[in-house]
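Report on one structure; see the data block that follows.
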Amino acid sequence: MIYHKFVRRFFGEIINNRAKIEGEEFLHLKTVLRLKNGDDIIIFDGSEKEYFCKITDIKKDYAYAEVTNIKKCEALPRKNIILFQALTKREKFELITQKAVELGVKQMIPFSSEYCVAKDNIGKKDRLEKIVRGACKQCECSLPMKIENTLKFEDMLKEAQKLDIVFFANEREGEEIDLSSISLYQNIGIIVGPEGGFSEREKDEIIASGAKSITLGKRILRSETASIVLIGLISVISKN
């Protein structure tokens, strides 16, 4: 059997060398894609493995597929990149979530700050997890990005200080970005503020915590743009 990028991917449960696909994943398999017995699929179960399967039984509410081969996913992030993302409006936060997965972020930690326009109502966590699963299938990464509960600003800084290096997107006030030594670090943090930016107090506290204050150029970027650009730069340069 030859597997290629056009083989459809689904999240499912693996038990005794057999995959079970149900819920929205099953509806997509049956109703949207109209797959049939004998069709080849790849199953993600939330681990670092991908399971190559052949559909054997399609029921009313679920489907079974026999596992024919197991491989370690080749698209796993090599670096532990954690995004500390200030709360934004829901549609922007969902875009950041999707692109963070595609660019290899392992964990996203939302946080609140003084100038956050959005409250902690960016959407139900299951909605974001659905976006994560869709992005995993898009970029062929079997290990979903973890989305943590929203932290207060001070608690976010405590978590960031546990990492090897942290970059703080600081509009015009930071240094020009230099990621030449990024390959030396395994645990990398990125701090990006909300639509309203950070207060001067918050900026001072972030810098005092040891984060590297950087600028992404002369133009002021939206929060979601800054996140995507900075993650992309770090991901590419670190070969993540």
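The values are calculated or read from the model by the stated rules, or taken from the named source; none is laboratory data. The shown structure was predicted, so the numbers you read here are calculated from the model rather than taken from an experiment. Here the Cβ is made from the backbone with ideal geometry for all residues, glycine too, and neighbour counts use every protein chain on show.
So that you can scan it fast, the table gives a plain yes or no per residue for (1) in the same structural domain as VAL101 (by TED's automatic domain parsing); (2) within 24 Å of LEU76 (Cβ to Cβ); (3) outside any strand (DSSP E or B):
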| site | (1), (2), (3) |
| --- | --- |
| ILE14 | no, yes, no |
| HIS28 | no, yes, yes |
| LYS36 | no, no, yes |
| ILE41 | no, yes, no |
| LYS60 | no, no, yes |
Qualifying residue in the stretch 45-53 (condition: within 26 Å of GLU102 (Cα to Cα), part of a loop (DSSP other than H, G, I, E, B), outside the structural domain of VAL101 (by TED's automatic domain parsing) and not small (Gly, Ala, Ser)): yes
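Considering only residues that are part of a helix (DSSP H, G or I) and among the basic types (Lys, Arg), which ones fall in the stretch 216-240?
Hits for the stretch 216-240: nothing passes.
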So for the stretch 127-144 (the condition being of a type outside the set (Asp, Glu), surrounded by fewer than 19 Cβ atoms within 10 Å (Cβ to Cβ) and under 18 Å from ILE214 (Cα atoms)), does at least one residue qualify? no
Can you find even one residue in the stretch 36-43 that is within 23 Å of the chain's Cα centre (by Cα), surrounded by fewer than 16 Cβ atoms within 10 Å (Cβ to Cβ), under 21 Å from LYS106 (Cα atoms) and modelled with pLDDT of 95 or more? no
Specify the residue that is surrounded by the fewest Cβ atoms within 10 Å (Cβ to Cβ); the eligible residues are those in the stretch 222-237 that are among the hydroxyl-bearing types (Ser, Thr, Tyr) and touching a residue at least 12 places away in the same chain (Cβ under 8 Å). SER235
Limited to the stretch 153-169, what total is found for residues that are within 14 Å of ILE191 (Cβ to Cβ) and either in contact with a strand residue (DSSP E or B) (Cβ under 7 Å, 6 or more places away or on another chain) or surrounded by 18 or more Cβ atoms within 10 Å (Cβ to Cβ) (or both)? 11
For the list (1) under 17 Å from ARG78 (Cα atoms); (2) part of a loop (DSSP other than H, G, I, E, B), I need the number of the one condition that CYS136 fails. (2)
Answer from GLU176, GLU114, GLU140 - the residue that is under 25 Å from SER238 (Cβ atoms) and either in contact (Cβ under 8 Å) with a residue 40 or more places away in the chain or aliphatic (A, V, I, L, M) (or both): GLU140
Filtered residue count, the stretch 128-147, keeping only those that are in contact with a Leu (Cβ under 8 Å, 6 or more places away or on another chain) and hydrophobic (A, V, I, L, M, F, W, C): 4
Is the stretch 75-89 home to any residue that is farther than 20 Å from PRO144 by Cα, assigned by TED's automatic domain parsing to the domain that holds GLU195 and surrounded by fewer than 19 Cβ atoms within 10 Å (Cβ to Cβ)? yes
For residues that are part of a loop (DSSP other than H, G, I, E, B) and surrounded by fewer than 20 Cβ atoms within 10 Å (Cβ to Cβ), tally how many sit in the stretch 179-215. 11
Selection status of ALA65, crowded, with 19+ Cβ neighbours inside 10 Å and either outside the structural domain of ALA160 (by TED's automatic domain parsing) or in contact with a His (Cβ under 6 Å, 6 or more places away or on another chain) (or both): yes
